[in-house]
Amino acid sequence: MNNTLVKGIAVLELLAHSSRPLRLTHIAAELGIAKSNVHRLMQALVEMRYVLRDEESSTYSASIKLWELGTAVLGKLDLRRHAEQQMNALQDETGETVHLSVLDRNQVVYVHKVESMNPVRAYTQIGGRVPAYCVATGKAQLAYRSESMLAEMSGRLEGHTPNTIVDPARFLREMKKARAQGFAVNRGEWRDNVWGIAAPIMGAKGAAIAAVGISGPADRIRKKHLQDSAALVAAAAAAISEALGSVAQLDALLNLGRRAA
C-alpha cells in the first residue's frame, strides 16, 4: 500500500472533520507522522487546492474542492442511489417534501429531495445551503458531533426567525435530546412557518454521515402526530444506513492503511 497516499488521505480526513484550522505541529502529533513529512504533504495538497493555508496564522483547513469532489461522487454512488427508494416511500407515507442533506462545516447542503404533491409545501433547492442548527436535517447530524465542536458553535448562533434557538445552553440541550431520541425537530427556526423532522443516516463508525427528513407548513406538520411522523422518518434513515453497508468496507480499508503507515 502506498504510504504517502494513505498519509495524505489521513490528513484530508483530519482537516475535513476539524471544527477549526490546524497548525502543522498539531496535524503531525494527531496523526503520528513526522513534521517534515507532513510539511511536504501540505505543500502538495495546497498546490492541488485541496487544502487552504492561512499565511497570517500558519494554519491549514480543508477547501471547498473536497466538497465538490464528494458532490460529484454522490450523484453516481451510494448515498443518493440508496436513499431514493426510501425517500419516495417516505413522501408517499407523509405527503410532505423529503430532503436528503449532508453537513459541510456549520451548514447543510441539500443533495436530493422528493417534492410534496401538496400545493403548499416547503421550497428548497438541491445544492442549496442553510445554517445546520436551524433545520432538522442539520440538527440531526450536529447531534453526533463532538462536545467541543458543539460548545464552540453554541457561542456563534444567529437568529433567523423568532423561533431560532440562539441561547447556548438551550442549543446544547437540544443536541442532547436529538441524539437521545434519534431524531430532530425544526419548529420554524429557519423559515417562520416551516417545520421539519429528520433523522441521521449513520456510517460504519457510528458517525452521522447525512440525514433524511420531511418538511412542510407548520400548521400541517403540527396537526399530524409528531411521534408517528418521527418514527417513519427514523425508519427511513435506518434503512438507508443499512443499505450503505459498503461504507463499512471503505472505512475498514482506510483504517488498515493508517495502521500500516
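The values are calculated or read from the model by the stated rules, or taken from the named source; none is laboratory data. Values in this document were obtained by computation on a predicted structure and should not be read as measured data. Neighbour counts are summed over all protein chains in view; Cβ atoms, including those assigned to glycine, are modelled from backbone coordinates with ideal geometry. The accessibility values were calculated without ligands, DNA or RNA, using every heavy atom of the protein model including side chains. Shrake-Rupley method; radii C 1.70, N 1.55, O 1.52, S 1.80 Å.
Relative to the longest principal Cα axis of the chain, at what angle does helix 168-181 sit, 0 to 90 degrees, rounded to 10? Between the helix axis and the principal axis of the chain, the angle is about 80 degrees. Counting only Cβ charges, +1 for Lys and Arg and -1 for Asp and Glu, the dipole size of the chain around its Cα centre is about 320 debye. Solvent-accessible surface (1.4 Å probe) assigned to Trp195 amounts to roughly 40 Å². With contributions of -39500 (n - 2.57) from each DSSP H run of at least four residues, the per-residue ellipticity at 222 nm computed over the chain stands at -15500 deg cm²/dmol. GNM remark for the chain: springs join alpha carbons under 10 Å apart, and the peak mean-square fluctuation among Gly138, Gly128, Gly196 falls on Gly128.
Across the protein chains, with a 1.4 Å probe defining accessible surface, the residues Lys176, Lys35, Lys65, Lys223 rank Lys223, Lys176, Lys35, Lys65 from largest area downward. Sorting Asp92, Asp219, Asp54, Asp104 by solvent-accessible area of protein heavy atoms yields Asp92, Asp219, Asp54, Asp104, largest first, with a 1.4 Å probe. Between Arg129 and Ser58, what FRET efficiency comes out of the Förster formula 1/(1 + (r/R0)^6) with R0 = 22 Å and r the beta carbon distance, rounded to 0.05? According to the calculation, E is roughly 0.15. Result for the chain in a Gaussian network model with C-alpha springs under 10 Å: among Val108, Val11, Val233, the largest mean-square fluctuation is at Val11. Once the chain from Gln181 to Lys65 is taken as fully extended at 0.36 nm per residue, the excess over their C-alpha distance is 38.3 nm. Heavy-atom accessible surface of Thr161, to the nearest 10 Å², is about 20 Å², with a 1.4 Å probe and all protein chains retained.
Here the simple spin-label model places points 7 Å from the Cα toward Cβ, and for Ala231 and Asp192 these points are separated by 3.5 nm. For the pair Ser36 and Ser146, label points projected 7 Å from Cα toward Cβ lie 2.9 nm apart. Fully extending the segment from Ala207 to Leu14 would add 68.0 nm, taking 0.36 nm per residue of separation and subtracting the current Cα-Cα distance. Against the chain, whose longest principal axis comes from its Cα atoms, helix 3-17 is set at around 40 degrees.
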